[in-house]
Amino acid sequence: MARLGLRRFPPPVLLLALFLVVAASAAGKGKKRGGAGGGLRFRREGGTFKVLQVADMHYADGRSTGCEDVLPEQVAGCSDLNTTAFLHRVIRAEDPDLVVFTGDNIYGADSTDAAKSMDAAIAPAIAMNLPWAAGIGNHDQEGTLSREGVMRHLVGMKNTLSRFNPEGVEIDGFGNYNLEVGGVEGTLLANKSVLNMYFLDSGDYSTVPSIPGYGWIKATQEAWFRKTSSSLQKNYTNEEPRQKEPAPALAYFHIPLPEFSSFTASNFTGVKQEGISSPSINSGFFTTMVEAGDVKAAFIGHDHVNDFCGKLTGIQLCYAGGFGYHAYGKAGWSRRARVVSVQLEKTESGEWQGVKSIKTWKRLDDQHLTTIDPEVLWNRGSNGRRRKDHDRS
């Protein structure tokens, strides 16, 4: 069954030519969306804001870096350039307002020059003049740049909205920041953040000898999150025009929280094909998000052949699924990306208001860029009741 609809990869020379032609074209014609000062904003047409999540590209040295876990007939000529081609295809198909890279963007150990690898990995988003944001995983820093160096490089790249860390705050890790998405230009909520996005460094590996395994979100990060969330909620509900409920929020990081292990096939959408590689201790960040009340969904990578979403205590916990061809995967199981579309409410008079719903789906790197597992993650006023609309195509 896995061989049905098999996508045969074009020769590497054609992939490279495609990248160069599209990049040159997009650089001249691309459009950078947002409000004044490069801020993010909902679209007037349709009242939507769309995020494309790219997890675990594991980019290395481009054409000379081979693919992992593809079918035998796909091995010849398969390289990092297939990851590049997929990113171009899915950006063109979805036309996102923001691209989010959630760590292990490069595979440092196989990269000759980490900075050049990162430039190549992110290049399609830059070529298409899209705003993008990134965090780091547990493999980005294993090459010629330190963890701090990787994040400093990311914040210096073109069109990036990534930030090194909040100013004047003592905080663990690198790449802890938030982004605000304004309402539709010309409406009452044009100058308010109607959607908030939090990015956190979930670490790499434990530095405590008695605690094995992966790193975790630390107390200083949780304190920053609580303070930022509280401030954003107060501004939204107390400043004119006052809103009755806080704006919803999304969270992005790399390593899954222990709570991702809470689900079975009966209460998630997608697949679980490997164990949950979370830290061996629970630092409490999930509880912190629940107490804050504004985060409706959290999105991660790390475990490449998991791509499910499950709801726990009012928060959707979602994997993206592995994107990159130099990353481990499963032969015959397509690389994929997760899309999130946030929809505003509209009054009878036609005025765009606050967020009405948050939906998601995945795109596969197959012949048709197939869309799978569309679902509603959250609806205002419905307490996030779970609705699924399975793809039957």
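The values are calculated or read from the model by the stated rules, or taken from the named source; none is laboratory data. Since we're looking at a predicted model, the values are computed, not measured. A quick note on method: Cβ atoms are made from the backbone with ideal geometry, for glycine too, and the neighbour counts reach across all protein chains shown. Each accessible area value is taken on the protein alone, full model and side chains, heavy atoms only, with ligands, DNA and RNA left out. Shrake-Rupley method; radii C 1.70, N 1.55, O 1.52, S 1.80 Å.
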The one condition in (1) open to solvent by 40 Å² or more (accessible area, probe 1.4 Å); (2) in a helix (DSSP H, G or I); (3) under 30 Å from THR187 (Cα atoms) that GLU245 fails to fulfil: (2)
Residue within the stretch 266-274 that is open to solvent by 60 Å² or more (accessible area, probe 1.4 Å), assigned to a loop (DSSP other than H, G, I, E, B) and more than 22 Å from GLN316 (Cα to Cα) present: no
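Quick one: which of SER277, SER262, SER283 is out of contact with any Ser or Thr (no Cβ under 6 Å at 6 or more places or on another chain) and more than 30 Å from GLY332 (Cα to Cα)? Even if it seems obvious, please write down each step before you answer.
Details: SER277 fails: more than 30 Å from GLY332 (Cα to Cα); SER262 fails: more than 30 Å from GLY332 (Cα to Cα).
Of SER277, SER262, SER283, the one residue that is out of contact with any Ser or Thr (no Cβ under 6 Å at 6 or more places or on another chain) and more than 30 Å from GLY332 (Cα to Cα) is SER283.
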Selection status of LYS192, in contact with a helix residue (DSSP H, G or I) (Cβ under 7 Å, 6 or more places away or on another chain) and either of a type outside the set (S, T, N, Q) or under 28 Å from SER146 (Cα atoms) (or both): yes
Positions within the stretch 78-107 being part of a loop (DSSP other than H, G, I, E, B) and buried (at least 18 other Cβ atoms within 10 Å of the Cβ), in sequence order: CYS78, PRO96, ASP97, GLY103, ASP104, ASN105, TYR107
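Listed here are the residues, each with its yes/no results for (1) among the aromatic types (Phe, Trp, Tyr); (2) surrounded by 19 or more Cβ atoms within 10 Å (Cβ to Cβ); (3) out of contact with any helix residue (DSSP H, G or I) (no Cβ under 7 Å at 6 or more places or on another chain); (4) more than 21 Å from LEU344 (Cα to Cα).
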| site | (1), (2), (3), (4) |
| --- | --- |
| GLU185 | no, no, yes, no |
| SER202 | no, yes, yes, yes |
| ILE217 | no, yes, no, yes |
| SER230 | no, no, yes, yes |
| ALA251 | no, yes, no, no |
Pairs with Cβ under 6 Å, 6+ apart, first in the stretch 221-246 and farther than 13 Å from GLU180 by Cα, second open to solvent by 50 Å² or more (accessible area, probe 1.4 Å) and hydrophobic (A, V, I, L, M, F, W, C): TRP224/VAL169; PRO241/LEU188
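Restricted to the stretch 161-184, and to residues that are part of a loop (DSSP other than H, G, I, E, B) and charged (D, E, K, R), which residue is nearest to GLN353 (Cα to Cα)? Steps first, answer last, please.
Start the filter on the stretch 161-184 by keeping residues that are part of a loop (DSSP other than H, G, I, E, B), which leaves 161-176, 183-184.
After this cut, where a residue has to be charged (D, E, K, R) as well, the list is 163, 167, 170, 172.
Values: ARG163: 29, GLU167: 31, GLU170: 36, ASP172: 36 Å.
Per the criteria, the residue is ARG163.
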Residues (open to solvent by 70 Å² or more (accessible area, probe 1.4 Å) and modelled with pLDDT under 95) located in the stretch 347-366: GLU348, SER349
Every residue from the stretch 280-301 that is buried (at least 22 other Cβ atoms within 10 Å of the Cβ) and not hydrophobic (A, V, I, L, M, F, W, C): LYS296, GLY301
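Can you find a residue that is crowded, with 20+ Cβ neighbours inside 10 Å, at pLDDT 95 or above and either touching a Gly at 6+ places or on another chain (Cβ under 6 Å) or not charged (D, E, K, R) (or both) anywhere in the stretch 21-29? Break it down into steps so the answer makes sense when it comes.
Our first condition is that a residue be crowded, with 20+ Cβ neighbours inside 10 Å; within the stretch 21-29, this holds for 26.
Checking which are at pLDDT 95 or above leaves us with none.
No: zero hits.
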Every residue from the stretch 118-148 that is more than 16 Å from ALA60 (Cβ to Cβ), assigned to a helix (DSSP H, G or I) and open to solvent by 20 Å² or more (accessible area, probe 1.4 Å): ILE126, ARG147, GLU148
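Those residues that are touching a Lys or Arg at 6+ places or on another chain (Cβ under 6 Å) and either more than 22 Å from PHE164 (Cα to Cα) or aliphatic (A, V, I, L, M) (or both), I need them from the stretch 89-143; list them, please. Walk me through it before giving the result.
From the stretch 89-143, those touching a Lys or Arg at 6+ places or on another chain (Cβ under 6 Å) are 90, 96-97, 126, 129, 141; that's our starting set.
Within the stretch 89-143, VAL90, PRO96, ILE126 qualify.
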Restricting the stretch 302-344 to residues that are of a type in the set (Lys, Arg) and assigned to a strand (DSSP E or B), the residue that is surrounded by the fewest Cβ atoms within 10 Å (Cβ to Cβ): LYS330
Breaking point among (1) under 30 Å from GLY62 (Cα atoms); (2) of a type outside the set (A, V, I, L, M); (3) under 22 Å from the mean Cα position of the chain (by Cα), for LYS311: (1)
